[in-house]
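Everything below concerns the one structure shown next.
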Amino acid sequence: MLVRQLSPVTINRIAAGEVVERPASVVKELVENAIDAGASRIEIVTAGGGKTLVRVTDDGSGMVRADLALSVERHCTSKLIEDDLLDIRHLGFRGEALPSIGSVAELVIETRHADEPHGWGLAVIGGAKDEPRPVGVSAGTRIEVRNLFFATPARLKFLKSERAEAAAVTDMVKRLALAAPAIRFTLAGADRSTLELPAVSGEGARDARIGQILGRDFAANAIPIAAEREGVRLEGLAGLGTFHKANSLSQFLFVNGRPVRDKALLGAVRAGYADVMAGDRYPAVALFLSLDPHEVDVNVHPTKAEVRFRDPGLVRGLVVGALRAAHLAAGHRTSSTHGSATLAALAQSMDRARSASAGSGIAMRAAYPAGVYDWRSAPERPLAADAGGPAGAGAVGIPADLGRDQSRFADFAAPSADARPHLAEPSEDRLARPLGAPRAQIHATYIVAQTTDGLVIVDQHAAHERLVYERLKAQLAGRPASQLLLIPEIVDLPEEDAARLLERADEFERLGLVIESFGPGAVAVRETPALLGKVDAATLVRDLADHIAEWDRATTLAERLDHVAATMACHGSVRAGRRLRVEEMDALLRDMEATPASGQCNHGRPTFVELKLADIERLFGRR
């Protein structure tokens with residue numbers, strides 16, 4: 001078989017298959033070029049979900065005739081300094097985007113440099129290039145892409161519906177806008193509602209842009225992130241553990257201003273929320289990682305969506321540690337959306353009650369016409385004084401023997417609420433505490449506390465579970481107890497895996513796992529963490545070796561110990577159904593206020609819901 005060189009058009013189409021996956025990829029490449037050009041305003045217009053039209057207009061630096069002609073040639077770029085792939089400081093640098101797009105679509109570029117008297121235009125249709133021609137345009141660049149993949153119909157078949165593609169474009173614009181808060185973004189078109197993101201500048205600009213993208217609820221339920229380690233800095237906002245989503249679309253991650261969907265970073269975020277969120281939910285975060293460009297390789301993925309760090313363990317440790325520290329700093333704080341959801345549920349319940357009441361009122365008026373109602377024939381009869389009714393009931397004309405038949409009230413013998421706390425009026429200082437003063441226990445499961453301006457409902461089991469868990473974790477902070485194996489277990493491994501494990505033998509020993517070399521390609525396990533109980537030492541060691549090979553960091557054992565502690569906390573906490581004394585309720589509330597991350601249990605469920613008095617009064621029409 002003869003070897004031949006592919007034609008430039010075919011080469012560009014192959015490159016387009018790697019760089020241009022869908023309309024959102026086109027938007028990404030063009031908007032990144034606009035950002036690199038120093039634009040202050042970027043307007044994106046789409047039609048047909050981006051399949052039939054993508055137009056990006058900016059007021060950036062623009063191009064002169066010679067630069068325009070080179071911009072549609074492969075591997076021509078103005079962003080790579082001295083061909084140093086280790087010093088990349090722009091979003092684009094490979095010079096593949098425009099020729100790749102032009103090879104599979106109808107591409108028209110119109111641009112004018114600020115120093116030029118007029119602009120220049122150029123078209124590339126299915127890989128065929130025109131010569132630059134003079135055009136009259138404002139300073140900046142306008143790029144129009146029509147009929148995406150018309151030159152490669154097979155790729156067109158794999159695109160999703162217009163609505164799905166339009167949603168992907170919107171998500172991409174939001175991610176790029178988060179990285180550039182000083183730029184005004186407009187996304188419009190016949191296939192969508194207009195998205196306007198005004199430019200913000202000065203201190204707090206990034207947080208303001210995050211609020212524009214992720215909404216008020218996120219801003220109200222987010223905690224600031226700021227951490228630095230060995231020249232790597234992490235900033236941004238992270239949602240509380242009780243503020244979670246059904247998917248990962250609300251996770252925005254950036255490396256040196258570049259939006260990424262990197263598996264290593266997503267895994268680190270997951271680990272940072274490991275003990276404050278349910279396994280089937282996703283946190284909402286906007287995190288910005290900054291480090292020396294020489295410490296990260298952004299050229300490992302065709303679309304630059306993934307990166308590779310020189311020290312992945314350092315980055316993972318920074319992200320996990322910063323998120324956990326932020327949860328600890330948040331204390332007992334929980335998501336405000338739970339209170340809103342509770343109020344909404346109460347409002348719906350009251351609406352149903354009003355409807356039922358109105359219906360029963362109609363039935364009552366039909367059964368008892370006006371003027372003939374007799375309370376003696378009412379289906380619900382009041383109790384007499386000697387049957388537990390109000391004292392002096394007979395004095396208002398109710399026969400004394402009317403309430404002696406108690407059979408219909410047998411089901412009410414067991415109270416659903418313990419309201420003994422009302423016997424002792426709470427002090428002002430207790431009411432002023434964040435979780436207030438206990439006033440009742442409902443269904444032997446929920447504690448109702450009164451605050452200065454509302455009330456708090458606490459799930460006693462979930463709350464105590466978090467308290468016990470944090471105590472167990474504090475015990476693990478030191479060297480956990482280990483159990484000595486009567487006969488050391490010998491584990492055979494590849495030599496490189498055994499070497500990695502032995503390099504971290506001291507770290508494992510601090511966690512209660514003692515290993516030592518047993519010849520080439522083998523380790524001897526002498527002690528295992530007592531908290532793990534009976535454990536398969538060989539499987540544990542092999543899992544650790546695999547984890548270190550992937551992440552270059554031994555986190556599996558520590559995370560497994562945390563999981564065991566969470567299980568023990570669940571079984572060792574106050575169970576639902578146990579009646580608590582007033583003193584016990586008060587002690588639980590005070591411990592919650594002093595315990596980090598007590599706003600949610602180990603499984604991510606909220607431990608309490610707060611309702612403001614003003615909101616409750618609105619339910620009853622008092623406001």
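Given contacts defined as C-alpha pairs under 8 Å and at least six residues apart, what's the relative contact order of region 92-215, whole-number percent?
Values: 177 pairs, mean separation 21.2, N = 124.
Over region 92-215, the number comes to 17 percent.
As a rough guide to protection, the peptides 597-607, 31-41 ranked by mean Cβ packing within 10 Å, highest first, stand as 597-607, 31-41. Simple point charges give the picture: +1 on the Cβ of Lys and Arg, -1 on the Cβ of Asp and Glu, and for region 8-197 a dipole about the Cα centre of about 720 debye.
Which entries of 51/79; 157/304; 129/160; 245/612 show an alpha-carbon separation above 27 angstrom in the structure shown?
Numbers: 51/79 29 Å; 157/304 24 Å; 129/160 29 Å; 245/612 25 Å.
Over 27 Å Cα-Cα: 51/79; 129/160.
Alpha carbon centre of region 581-595 versus region 47-100: separation in Å? Their Cα centres are 61 Å away from one another.
Could you sort 128-141, 109-122 so that the peptide with the highest average Cβ count within 10 Å comes first and the rest follow in order?
Numbers: 128-141: 15.4, 109-122: 18.6.
The packing order, highest mean first, is 109-122, 128-141.
As a rough footprinting exposure proxy, the listed residues 249, 613 were ranked by other beta carbons within 10 Å of their own, and the order from fewest upward is 249, 613. Taken as Cα centroids, region 436-503 and region 105-138 sit 63 Å apart, rounded to the nearest whole angstrom.
Relative contact order (percent) for region 49-104, with alpha-carbon contacts under 8 angstrom and 6 or more residues of separation?
On the way: 35 pairs, mean separation 17.8, N = 56.
This gives 32 percent for region 49-104.
As a rough footprinting exposure proxy, the listed residues 456, 3, 468 were ranked by other beta carbons within 10 Å of their own, and the order from fewest upward is 3, 468, 456. Does region 8-197 come out rounded, prolate or oblate, given a ≥ b ≥ c as the square roots of the eigenvalues of its C-alpha gyration tensor, rounded meaning a/c under 1.5 and, failing that, prolate meaning a/b above b/c? Taking the square roots of the gyration eigenvalues as a ≥ b ≥ c, region 8-197 is rounded.
What is the packing order of peptides 321-331, 510-520, 251-261, 457-467, taking the mean over residues of other C-beta atoms within 10 Å and listing the highest first? Kindly include the intermediate steps, with their values, before the conclusion.
Details: 321-331: 18.6, 510-520: 16.4, 251-261: 20.4, 457-467: 22.6.
My ranking of the peptides, most packed first, is 457-467, 251-261, 321-331, 510-520.
Residues 172, 1 in ascending order of nearby Cβ atoms (within 10 Å, fewest first): 1, 172. Projecting the Cα atoms of 139, 117, 99 onto the charge dipole of region 78-157, computed from C-beta unit charges around the Cα centre, puts 99 farthest toward the positive end. Averaging Cα coordinates gives a centre for region 4-29 and one for region 237-257; these two points are 31 Å apart.
Is the shape of region 197-313 rounded, prolate or oblate, going by the alpha carbon gyration tensor and its root eigenvalues a ≥ b ≥ c, with a/c under 1.5 for rounded and a/b larger than b/c for prolate? Note, shape of region 197-313 comes out oblate. Quick check: from the Cα gyration tensor, does region 69-167 come out rounded (a/c under 1.5), prolate or oblate? Oblate shape, in that a/c is at least 1.5 and b/c is the bigger or equal ratio.
Values quoted throughout were computed directly from the atomic coordinates according to the rules given, and no laboratory measurement underlies them. What you are looking at is a predicted structure, and each value in this text was computed from that prediction instead of being measured. No Cβ is skipped: glycine too gets one built from the backbone with ideal geometry, and neighbour counts run over all protein chains shown.
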